[in-house]
Amino acid sequence: MAACFLSLEGVSCVLPTGETLFSDLTETFDQRHTGLVGRNGCGKTVLARMLAGQLQPTHGRCVCTGTVHYLAQQVSPPANATVADLAGVQGVLDALQRIEAGSVAPADFDAVADQWDMPQQLQLALTEQGLTHVSANTPASVLSGGELMRVCLIGAQLSQADFLILDEPTNHLDRQGRQALMDGLRHWKRGLLVISHDRQLLGGMDRIVELSPLGLRSYGGSYAFYAQAKAKEQAAALAELDRAKLERRREQQALQQQRERQEKRQASGARDGKQANQAKILLDRQKARSEQSMGKLHRQQAARQAELAERVREAAQQVVPYLHIHLHAPAAPGVAQRVVAELNRVALPWVPPKTRHISLQVRGQQRIGLVGPNGCGKSTLLKVLAGRVEPVSGEREVRGHVAYLDQTLDTLDPQRTVLEQAMAVNRTLNEGEQRMRLAQLGLDARKITVPSGCLSGGERLKAALACLLYADTPPALLLLDEPSNHLDLPSLQALERVLLSHPGALIVASHDEAFLAALVLTHWLVAGEEGWDLRPVLTPLPP
């Protein structure tokens with residue numbers, strides 16, 4: 001089989017608003033496993049969809065020499081879809097069933113091709129992914145976010161594509177799922193492009209390509225090599241910018257001194273001419289020559305200043321701007337140590353028997369990390385606490401305002417702008433203050449005035465957080481389901497800072513161990529073999 005290549009040839013993307021997202025990108029993606037990184041909203045997903053043939057560039061072209069399988073970061077299965085549909089093998093399974101029933105239609109044999117063992121392949125892959133309770137006919141609607149992603153990853157690996165493009169594939173995956181993904185990708189011998197902010201996943205790549213306002217830049221090596229090279233590159237660019245600015249200041253001072261000397265000579269010559277009683281015609285000629293000389297000097301200095309200014313601009317363009325991300329901490333709800341939420345012998349719906357029942361008290365300043373494997377019921381538990389889902393039995397009581405951020409960000413209306421939604425939940429801030437706070441999140445004037453459904457995953461998450469944390473009524477209980485998904489590193493660090501200052505109760509479900517460690521949690525709520533276990537954070541977690 002010939003190696004597959006994906007090539008960009010002068011590719012540009014101009015949005016319907018007229019804004020240029022990126023321009024004149026030229027790069028080749030070969031059999032090296034490549035990680036694509038960049039800030040939220042820079043166009044990584046758009047570029048990936050162009051490479052996959054789902055979008056056409058405004059200018060330039062994308063060239064592919066083989067087949068491509070693209071896995072989007074948000075898995076949204078259609079109604080009545082099964083696991084086989086999600087894995088992309090339902091057509092093969094249906095054709096096999098018809099052949100077993102006696103069909104001799106050429107279309108059925110074409111659909112099967114050489115995949116006669118597809119039922120066995122699918123079941124083996126499900127077992128390897130820890131999905132032994134799932135079969136080809138299992139409805140996709142009963143799977144958790146992590147389980148959905150695992151099935152889609154199985155489909156990617158069964159696709160026999162020449163090139164895989166995976167957009168944030170570790171989102172929603174638990175520790176076991178992340179490890180299984182990385183193991184599977186290590187054995188993938190074909191082309192691979194992974195869009196991710198997951199440093200552990202990027203550490204297994206052969207090279208990193210960064211998309212920034214400067215275009216695409218390739219760094220040979222893993223994420224650690226990229227981070228080191230990027231730091232050196234930025235330090236050198238900043239040093240060159242400082243040198244260019246210093247030279248411009250020195251030249252400006254020298255030019256100013258030159259002008260002052262010329263003006264003094266001109267004034268002195270005029271005085272000397274008058275004192276010598278020279279004829280007016282001679283004085284006029286001398287004045288004209290002096291003015292001509294001063295004009296020439298001004299033109300020369302203006303050209304030199306323009307040259308120096310251009311050098312500063314060129315040096316500044318090599319410095320990737322660092323956007324400071326800032327989240328304002330919500331006002332203190334004054335809940336102290338009182339109980340803000342209580343579950344009494346609650347039975348959770350759609351949850352495995354081991355973790356179906358729970359009794360729980362959450363006090364005002366508890367900070368709980370919610371951990372456990374995909375499918376154990378973490379998201380369902382948060383939905384019950386938030387009042388989004390009713391328990392099968394038992395009692396739920398919440399005292400105080402609850403703010404809930406789910407994995408699909410369904411608190412945002414994709415048809416409405418971010419600014420409209422932020423103004424709707426907070427009537428104490430005027431529009432200017434709202435715009436300022438959203439800008440501090442990295443959402444500029446253009447981003448907040450388009451429908452939120454047009455934003456990137458990271459931008460929508462920031463908008464959803466703003467609508468929750470900046471609401472008129474601050475949350476006494478903040479429930480977050482995988483909030484680190486989609487965020488670039490500066491945004492994630494900003495989220496860590498604001499959650500550290502959150503004065504109310506906090507329950508965070510996440511598989512990002514570094515993120516959880518930064519939150520100074522007080523307790524773990526662990527889903528295990530014996531059910532739910534609330535334990536002090538000093539108690540070690542199970543492997």
When you scan the range 215-234, how many residues do you find that are open to solvent by 40 Å² or more (accessible area, probe 1.4 Å) and either in contact with an Asp or Glu (Cβ under 6 Å, 6 or more places away or on another chain) or more than 30 Å from D30 (Cβ to Cβ) (or both)?
1
Would you call D481 closer than 21 Å to A386 by Cα, touching a helix residue (DSSP H, G or I) at 6+ places or on another chain (Cβ under 9 Å) and of a type in the set (D, E, K, R)?
yes
Scanning the range 22-37 for residues that are open to solvent by less than 50 Å² (accessible area, probe 1.4 Å) and closer than 19 Å to L166 by Cβ gives E27, F29, D30, H33, T34, G35, L36, V37
Which residue is farthest from A517 (Cα to Cα), if the candidates are limited to the range 354-403 and must be open to solvent by 70 Å² or more (accessible area, probe 1.4 Å) and part of a loop (DSSP other than H, G, I, E, B)?
V392
Taking P78 as the residue in question, decide whether it is under 33 Å from the mean Cα position of the chain (by Cα) and either at pLDDT below 90 or at negative phi (or both).
yes
Over the range 23-58, the set of residues outside any loop (DSSP other than H, G, I, E, B), in contact with a helix residue (DSSP H, G or I) (Cβ under 6 Å, 6 or more places away or on another chain) and of a type outside the set (A, V, I, L, M, F, W, C) is G35
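Each row is one residue, and each column tells you yes or no for (1) open to solvent by 30 Å² or more (accessible area, probe 1.4 Å); (2) free of Cβ contacts under 8 Å to residues at least 24 places away in the same chain; (3) touching a Phe, Trp or Tyr at 6+ places or on another chain (Cβ under 9 Å); (4) within 15 Å of N137 (Cβ to Cβ).
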| site | (1), (2), (3), (4) |
| --- | --- |
| A79 | yes, no, no, no |
| V83 | no, no, no, yes |
| R98 | yes, yes, no, no |
| A107 | yes, yes, no, no |
For the list (1) at negative phi; (2) out of contact with any His (no Cβ under 7 Å at 6 or more places or on another chain); (3) not in a loop (DSSP other than H, G, I, E, B), I need the number of the one condition that S12 fails.
(2)
If you go through the range 1-21 one residue at a time, how many are touching a Gly at 6+ places or on another chain (Cβ under 7 Å) and open to solvent by 50 Å² or more (accessible area, probe 1.4 Å)?
1
Could you tell me whether the range 404-418 includes any residue that is in contact (Cβ under 8 Å) with a residue 60 or more places away in the chain and in a strand (DSSP E or B)?
yes
The range 14-36 - residue that is aliphatic (A, V, I, L, M) and closer than 15 Å to R217 by Cβ and, of those, nearest to the chain's Cα centre (by Cα)
L36
Among (1) within 21 Å of the chain's Cα centre (by Cα); (2) open to solvent by 60 Å² or more (accessible area, probe 1.4 Å); (3) closer than 30 Å to E9 by Cα, there is one condition N40 misses while meeting the rest; what is its number?
(2)
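The values are calculated or read from the model by the stated rules, or taken from the named source; none is laboratory data. Everything numeric here is computed off the predicted structure, so don't read it as measured data. Cβ atoms come from the backbone with ideal geometry, glycine included; neighbour counts cover every protein chain shown. To get the accessible areas, we keep the full protein, side chains included, count just its heavy atoms, and leave off ligands, DNA and RNA. Shrake-Rupley method; radii C 1.70, N 1.55, O 1.52, S 1.80 Å.
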